[in-house]
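Every number in this text was worked out from the coordinates using simple rules, so none of it is lab data. Treat the numbers as computed from the prediction; the structure is a model and nothing was measured. Virtual Cβ from ideal backbone geometry, glycine too; neighbours counted across all protein chains shown.
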Amino acid sequence: MTSVSPRTPREVLELYPAHDGTLPGMLQSRARVDPARPFLCFDKKVISYGDTEKAVERLAQTLAERGIGKSDRVAVMALNSDKFVFLFFALARLGAILVPVNPTLSVDEAAYILRHAQIVAAFCDQSALQIAQKACAEENRRVWITDIAALMDLPEAPAVKMPDDVQPDDTCIILYTSGTTGFPKGVMHSQRNFVLAGEAFVERMHLEPEDRLFMVLPLYHMNAFFYSLGGALATGASLLIAPKFSASKFWRQAAEGGATQVNLLAAVGNILVRRPRSEYTPEHCIRKVYGAPITRETDAAFRTDFGISVLIEGYGMTEIPGACNNPFQGPQKLGSMGKPARHPDHSMPFADMCVLDEKGNPLPAGQTGELAVRTPIIMQGYYRDPEQTANAFRGDWFLTGDLGYRDADGYYYFVARKKDIIRRRGENISGAELDRVIAGHPDVSEVAAIAVPSDLGEDDILVALLPRPGAVCDIHTIAVWCAERLAPMKRPRYYVVVDSLPKTPSERIAKFKLKQDATLLARAVDVEHTHVGRI
């Protein structure tokens, strides 16, 4: 539980000695104050800050003896674990770079990332070993591929000289993001970015050393790394590591681990809201949730049914972690991404945002345009892709590719992805808006609205529907639902029920993959032709 007399976020950071802005420096700073304080909690093991530092140093020695050094890329294809965290810090200790990869990728999907990243080693779960081996089979150089479960059983290396030139601006992680088209892009972040993001998360969630952050999102996702792991380390708090999100086990795991804070994606929050209340454990200690977007349904259920009083909504991307958020101490506006993020040291210049028109000119409050962000926690670029890197910036402003607007109070709102716009009968329609409306139907678990060719030119609208477990998506009732809630021009023409929806590595629906599936339209019901749902 959090302390009775909470400290300010700046006071929390000041509990620890100043560090050099690197991961090893921040870990050492926290371990020196209280080496016995629990840091990582995984699989009924509790590992202190002091023991984490020792394990990281031993592992770094072993990796160095194997020839891994500064700027080398090392992949991890595994579920969340303490070993995953040890590897991240050990690589940072050497100035090497972690490349987290979704362990459920196909051979072809993994091959592109592993080859593009030019990895020298890969640590994998048993289930992903064969995928990594096949993905690297055509490499002209040897790649060390091994089971991550045996990581700490590797023969202890003889003493080797450890580097003393690790710098805050050294790249420490490359996160591959699918974007909307083409091949995944490798987003590079420095050690300084990780440190700053963790410190900013202390400000965002008013964390205390007594907090226990529950990490259910995957460590191949920016959120888990920069917010949960980074926030716990910056605070000197504990991190409860779940191998992966389990809806049926979530509340019991939270209660047994004493979790006080958790980060959730929208899909995860929606799943929990719609799960049977028999799975809910009222003895849990979670008091703070960070996630986005937070719908009225999610907000009401978490406050009323789950007893969680603090829900903070924000906005970030793999390229710009933690760009903005609703202020912890308010006022908070449901449905808003909030205001530009701040560091616990409020005198430090930090995030800034603006809304641009198509020519790059700033727009006034109330007008929709492209969101642009300027922040110290910004990617170093896309790995081996200078053209895409250059296209992502206008000066020192990062162009998000998202449409949004700012209200008169300086709060920002997301409208849609620029490339998630459907052009129909001369009007721009937000696919995200359609997703949000249709996802409100009680029988729908997930939905994706996409543009398909229209006989009249421009676009028609197709929605792919994934039913809730145990439910049946009746197209007639869902079409009526849409007709009652959407203007005629926004109502989908085609509906198709699917068994699954393709996902990006960050677990967002990959609409670009849906658009490539020619069978969807052939299988869909044309409600204009059948007159279904007209009211």
Checking segment 331-401 for GluC sites (Glu not before Pro) in a loop per DSSP with at most 10 other beta-carbon atoms within 10 Å yields GLU358
In terms of the charge dipole of the chain, which places +1 on Lys and Arg and -1 on Asp and Glu at the beta carbon, the residue among LEU79, GLY50, TYR494 farthest towards the positive end is TYR494
Looks like segment 104-179, by Cα gyration tensor root eigenvalues a ≥ b ≥ c and the a/c under 1.5 rounded cutoff (else prolate when a/b is bigger than b/c, oblate otherwise), is oblate
Surpassing 23 Å at the alpha-carbon level, of the pairs LYS134/LYS161; LYS249/LYS511; LYS419/LYS490; LYS54/LYS83; LYS45/LYS249, are LYS134/LYS161; LYS249/LYS511
The size of the Cβ-based charge dipole (Lys, Arg +1; Asp, Glu -1) of segment 363-490 about the Cα centre, to the nearest 20 debye, is 240 debye
For segment 99-170, listing chymotrypsin sites (Phe, Trp or Tyr not before Pro) in a DSSP loop whose Cβ sees at most 14 other Cβ atoms within 10 Å gives none
Answer in debye to the nearest 20: the dipole magnitude of the chain about its Cα centre, from +1 Lys/Arg and -1 Asp/Glu charges placed on Cβ, is 400 debye
Per DSSP, the loop-located trypsin sites (Lys or Arg not before Pro) within segment 353-437 having at most 16 other beta carbons within 10 Å are LYS359, ARG384, ARG425
When all Cα-Cα pair distances of segment 425-530 are considered, the percent exceeding 20 Å is 34 percent
For segment 334-417, the percent of all C-alpha pairs falling in each 5 Å bin, from 0 up to the bin holding the max distance, is 3, 14, 23, 22, 19, 12, 5, 1, 0
In terms of the alpha carbon gyration tensor, root eigenvalues a ≥ b ≥ c, rounded if a/c is under 1.5 and otherwise prolate when a/b exceeds b/c or oblate, segment 378-427 is oblate
Expressed in angstrom and rounded, the centroid-to-centroid distance over alpha carbons for segment 1-76 and segment 347-377 is 35 Å
In whole Hz, the Karplus estimates of ³J(HN,Hα) for segment 474-489 (6.51, -1.76, 1.60; θ = phi - 60°; x where Gly or Pro) are 7, 4, 4, 5, 6, 5, 5, 3, 5, 4, 7, 10, 10, 4, x, 5
Of the convex hull drawn through the C-alpha atoms of segment 292-381, the volume per residue in Å³ is 134 Å³
At 25 °C in a medium of viscosity 0.890 mPa s, the chain has a Stokes-Einstein diffusion coefficient, with Rh taken as the Kirkwood radius over alpha carbon pairs, in µm² per second, of 101 µm²/s
So, over other residues within a Cβ distance under 11 Å of PRO35, counting Lys, Arg +1 and Asp, Glu -1, the net charge is +1
Sorted largest first, the C-alpha extents of segment 162-268 along its principal axes in whole angstrom are 41, 37, 28
Projected onto the charge dipole of the chain (unit charges on the beta-carbon of Lys, Arg, Asp and Glu, signs +1, +1, -1, -1), the Cα from ILE438, ILE475, GLY186 with the largest positive-side position is that of ILE475
